[in-house]
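The numbers here are math on the coordinates, done by the rules we state, and not lab data. None of the values given here were measured: they were computed from a predicted structure. Here the Cβ positions follow ideal geometry from the backbone for every residue, glycine too, while neighbour counts run over all protein chains shown.
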Amino acid sequence: MEGQPKYEKTFNVVVSSVIDQPIQLTGDVDCYKAFDEKGKEFDERLVQAELLGILKDSPKTGAATFVSDDESVYNAKFVKWSSQC
C-alpha cells in the first residue's frame, strides 16, 4: 500500500576483493544486501555511486541504505554483494 512507513539503516561500507581479477559491481542484476546475525536479509534502498563500478586493487568506500517494513532492519550488522536480488 502506498504511503506505508519504512524503516531504514545506513552503513558506511568498505568493499575489497580477495581475488586478483576485477569484479563488476553494477546494480543491473546484482545488489548489496544487509543481514542480521540470524541470516534475515534486507534490501538496499540507496547505494552511493562510489560503491559501484569495477573493483580492482584498491577498496571502494561509501554509504548504503537498507529498508524493511518493521524495525528489524536495525539489527542488521553485515553487508555483502549478492547475486540473489
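If you check Glu44, Glu2 for being of a type in the set (Asp, Glu), in contact with a Ser or Thr (Cβ under 8 Å, 6 or more places away or on another chain) and over 16 Å from Asp70 (Cβ atoms), only one passes: Glu44. Whenever a residue of region 4-20 is assigned to a loop (DSSP other than H, G, I, E, B), its partners that are of a type in the set (A, V, I, L, M) and surrounded by 13 or more Cβ atoms within 10 Å (Cβ to Cβ), lying with C-beta atoms within less than 7 angstrom and at least six residues away or across chains, give the pairs Lys6/Val67; Ser17/Ile23; Ser17/Leu55. For region 14-23, taking the residues that are within 18 Å of Ser83 (Cα to Cα) and aliphatic (A, V, I, L, M), the one that is surrounded by the fewest Cβ atoms within 10 Å (Cβ to Cβ) is identified as Val18. For region 24-42, a residue qualifies if it is part of a strand (DSSP E or B) and surrounded by 14 or more Cβ atoms within 10 Å (Cβ to Cβ), and the qualifying residues are Leu25, Cys31, Tyr32, Lys33, Ala34, Phe35, Glu41, Phe42.
Restricting the first member to region 57-68 and to residues that are assigned to a loop (DSSP other than H, G, I, E, B), and the second to residues that are surrounded by 19 or more Cβ atoms within 10 Å (Cβ to Cβ), the beta-carbon pairs closer than 7 Å and six or more apart or on different chains are Pro59/Val15.
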